[in-house]
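No lab work stands behind these numbers, since they all come straight from the coordinates. Bear in mind that the values here come from a model prediction, so they are computed numbers and not experimental data. A quick note on method: Cβ atoms are made from the backbone with ideal geometry, for glycine too, and the neighbour counts reach across all protein chains shown.
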Amino acid sequence: MVFKRLLGSLGVGGPTVDTVLTPGPTRPGGSLSGEVRLKGGDADFGIEQITLELVARVEAEHDDGESEGVVIFDRFTVGGGFRLAAGEERGMAFAVTLPWETPVTELYGQPLGIVLGVRTELAVAGAKDKGDLDQLTVGPLPVQEAILEALGQLGFGFRSADLEYGRISGTGQQLPFYQEIELTPSPQYAHQVNEIELTFLSNPAGVEVILEADKRGGFFTGGHDALTRFTVGHHDVRDWNTEVDGWIRHLVEHRASYGSHPAYGRGGHNGHDDHDHNGHRSGPGMGTAVAAGAAGLAIGVVGGMVAAEVVDEVGDFFEGDEEEES
């Protein structure tokens, strides 16, 4: 992954920058590595600072509907404080740690429709210039993959995924947005819910799993959806099919008994239960390592129209909207 950018603020003859990311997906909380490669221009320049920005395409709900924008969700200074001579070539290796809540962009190697990027900013001679975006690919943590695989084996299908600006109250959320993975219900629950939304909020100790179910006939209207939370460790070994099925059963039954009483939940939505429920243990089983070629949700991604839509979305994002910031 490479991008080149002439420092427009310095005019023709300024230095250029290539940012090369180490090939392959990284993981939430994992290391993002690569090299920033500089080439001097027609004159000497003082490189004051080199900064990497992590950016995401995020949706925001408001009174007039929905809008999209680019949110910077982390910054890293990876170099600076040196003189770059005319025509000089210099490479600077870097390794930074991604936030634990970094969204997952692919499952089993197939894109989910989440668009993340790495943007390089150079501070040169008192001027700042932002380089073009380079696509960032993030795969799931083992426990996230195990939960998604269990949902696929239980009959749930992948519908879409997006990033929503806002906060889920009562959680340890750190970023200003969260990822929603929208699932079609399995046949067992199709008569009770239209859709189930899944959010992972990871941290060094484990993962908060937030599940939300709409009420058939009244999707996302006041009092017609419910939310529950479960906590799992990164190295938990469970029979994930049984575990996740218990979570879904609890969610649906709770939604049925919950009725239309208001509660706190995701920003912009009404009618959520925000209590913390620990999933029951059912003994050792699949563990957290799931084969990359396993069936389940991957079928919905590979066989659906999502992949085609993602191509256009990614292209639009990296070719435009560079100046949008949070």
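Once you put a point 7 Å from the Cα of Arg167 and another 7 Å from the Cα of Arg90, both along the Cβ direction, what distance in nm separates them?
Calculated label separation equals 4.1 nm.
Order these by the 10 Å Cβ neighbour count, fewest first: Phe73, Phe82.
On the way: Phe73 21, Phe82 14.
In increasing order of surrounding Cβ atoms, one gets Phe82, Phe73.
What is the fewest-to-most order of Arg119, Arg90, Arg83 by other Cβ atoms lying within 10 Å of their Cβ?
Details: Arg119 23, Arg90 15, Arg83 10.
Arranged by neighbour count, lowest to highest, Arg119, Arg90, Arg83 become Arg83, Arg90, Arg119.
Round to the nearest 0.05 the FRET efficiency obtained for Glu61 and Ser31 when R0 = 30 Å and r is the Cβ-Cβ distance. Intermediate results must be reported in sequence, preceding the final value.
Working: r = 34 Å, r/R0 = 1.12.
After rounding to 0.05, the efficiency reads 0.35.
Near the amide H of Asp44, under 5 Å away, which other amide H atoms are found, from residues 5 or more places off or on another chain, if H is placed in the peptide plane?
Those qualifying (amide H under 5 Å, at least 5 residues apart or on another chain) are Ala86.
Order these by the 10 Å Cβ neighbour count, fewest first: Glu180, Glu89. Let's see the in-between values first.
Working: Glu180 20, Glu89 12.
With the fewest neighbours first, Glu180, Glu89 line up as Glu89, Glu180.
What are the residues whose amide H is under 5 Å from the amide H of Leu136, where those residues sit 5 or more places off or on another chain and H is modelled from the backbone?
So Leu136 has HN proximity to Leu116, Gly117, Val118.
In nm, what is the difference between 0.36 nm times the number of residues separating Gln188 and Arg249 and their Cα-Cα distance?
Working: separation 61, 0.36 × 61 = 21.96 nm, distance 1.00 nm.
Stretched fully, the Gln188-Arg249 segment lengthens by 21.0 nm.
Extension gain Arg75-Gln174, at 0.36 nm per residue separation less the Cα-Cα distance, in nm?
On the way: separation 99, 0.36 × 99 = 35.64 nm, distance 1.46 nm.
This chain segment gains 34.2 nm when fully extended.
Given 0.36 nm per residue, what is the gain on full extension from Arg83 to Val237 after removing their alpha carbon distance, in nm? It would help to have the intermediate numbers written out before the result.
Values: separation 154, 0.36 × 154 = 55.44 nm, distance 5.27 nm.
Stretched out fully, the Arg83 to Val237 stretch lengthens by 50.2 nm.
Using a Förster distance of 25 angstrom, determine the FRET efficiency expected from the C-beta separation of Asp42 and Val20, and round it to 0.05. Spell out each step's value before the answer.
Working: r = 24 Å, r/R0 = 0.96.
That gives a FRET efficiency of 0.55.
Quick check for me: using +1 on Lys/Arg Cβ and -1 on Asp/Glu Cβ, what's the dipole size of the range 4-139 about its Cα centre, in debye to the nearest 20? Working shown, then result.
Details: 12 positive and 21 negative charges, 134 e Å.
With only Lys, Arg, Asp and Glu charged at Cβ, the dipole is about 640 debye.
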